[in-house]
1. Distance in nm between label sites at residue 142 and residue 15, each 7 Å beyond Cα in the beta-carbon direction?
2. Roughly what would the spin-label model give for residue 351 and residue 252, points 7 Å off Cα along C-beta, in nm?
3. In what sequence do 250, 178 fall when counting other Cβ within 10 Å, fewest first?
4. Roughly what % antiparallel, to the nearest 5, for the DSSP beta bridges in the chain?
5. On full extension of the chain, what length is gained from residue 86 through residue 274, given 0.36 nm per residue of separation minus the C-alpha to C-alpha distance?
6. Subtracting the Cα-Cα distance from 0.36 nm times the residue separation, let me have the gained length for residue 166 to residue 94 in nm, one decimal.
7. Using the number of other C-beta atoms within 10 angstrom as an exposure proxy, rank 147, 355, 200, 16 with the fewest first.
8. Find the eigenvalues of the gyration tensor of the Cα atoms of the stretch 204-355, then list the square roots of 5 times those eigenvalues as equivalent ellipsoid semi-axes, largest first, in whole angstrom.
Ligand SMILES: NC(=O)c1ccc[n+]([C@@H]2O[C@H](COP(=O)([O-])OP(=O)(O)OC[C@H]3O[C@@H](n4cnc5c(N)ncnc54)[C@H](OP(=O)(O)O)[C@@H]3O)[C@@H](O)[C@H]2O)c1
């Protein structure tokens, strides 16, 4: 029996990571998981089954502190790391050796630098063969990549991964010709960038795509732009399937979605569930105007408004390539596209919770 793939899940206190952790644990003995949490965040890690005890280790300082905290599965270890400390990251990734890094950090100033530090530490650890950056959006599109803040940082991360993979391949090749390879890259390093479009259930619960609670929506570019969207559970599954298909997903973008859907279709489904008796209040906006306003907000230092504006432009703007229908990897990963009935059922559940 082959040994389990050792996965380091980075940023596991966030919105997305619990869905990935849940699917990794559900996949059974094929994975051993180490959660890398920012120093002080270990106790907040979610989605770990409350059955057995976990080990939490801080590698934030040179003096490694070991302690047992919280609850987790036998196959999950929580390590607190200092992202600013190269040695802290290398130690966390090399002992015991990590095979795959799955990064789910949320955006903050320094997002690129932190992912770069993780990539550099993965190389130095010498054991990491695959890096999945914190993408989970639509960062393959050239127009999206030109947008600032998280989009630009994600784009820089992609470029750095390509560069690093090339350098690592050259080093591995050189080492293969040596009798003593030393401590340089020992295994070929590679990446997979998972594009999921919008987080369907998460965004609907928050009222982002359309507001199911208040029956309101800002219709972007007319409301008929098709946007790929994926439920959290599917994103978790997609990560697991990528790890089961390392060869086929090597050094490339992977596209997955549950459905490509428009805002007007979502409103139509909500009306059907409501029995058509609820009035919706909609306003229309051009995403070109939204983008202009977002740049203005950025100049004024209003990062939150700017970020939300750029996200709306990336999700609903004409020419931003957010409909993945013609390039899907669902078949490769064995993930079926979701039927309209299933989306309606998901929406019914969300509306029951919200209303
Ligand atoms: N397509 C979509 O609809 C959609 C929606 C949401 C997210 N996403 C993408 O999914 C990925 C994960 O997003 P998320 O919403 O799950 O992220 P998040 O919840 O905002 O944050 C995830 C993690 O980032 C860590 N973090 C935040 N600031 C940090 C800092 N300064 N230094 C170190 N760690 C820090 C947090 O750790 P602490 O607990 O220590 O703060 C947390 O564990 C991102 O790439 C995001 O853009 C896409």
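Just so it is clear, none of the values below were taken in a lab; they were calculated from the coordinates. Predicted model, so just to flag it, every value in this text is computed and none were measured. Every residue, glycine among them, receives a Cβ derived from its backbone with ideal geometry; neighbour counts consider all protein chains shown.
1. 2.9
2. Going by the 7 Å Cα→Cβ label model, 4.0 nm.
3. 178, 250
4. That works out to approximately 20 percent antiparallel.
5. 62.3 nm
6. Length gained, residue 166 through residue 94: 23.8 nm.
7. Details: 147 25, 355 12, 200 28, 16 21.
The order, fewest Cβ neighbours first, is 355, 16, 147, 200.
8. Working: eigenvalues 150, 105, 35 Å².
Semi-axes (√(5λ), whole Å): 27, 23, 13.
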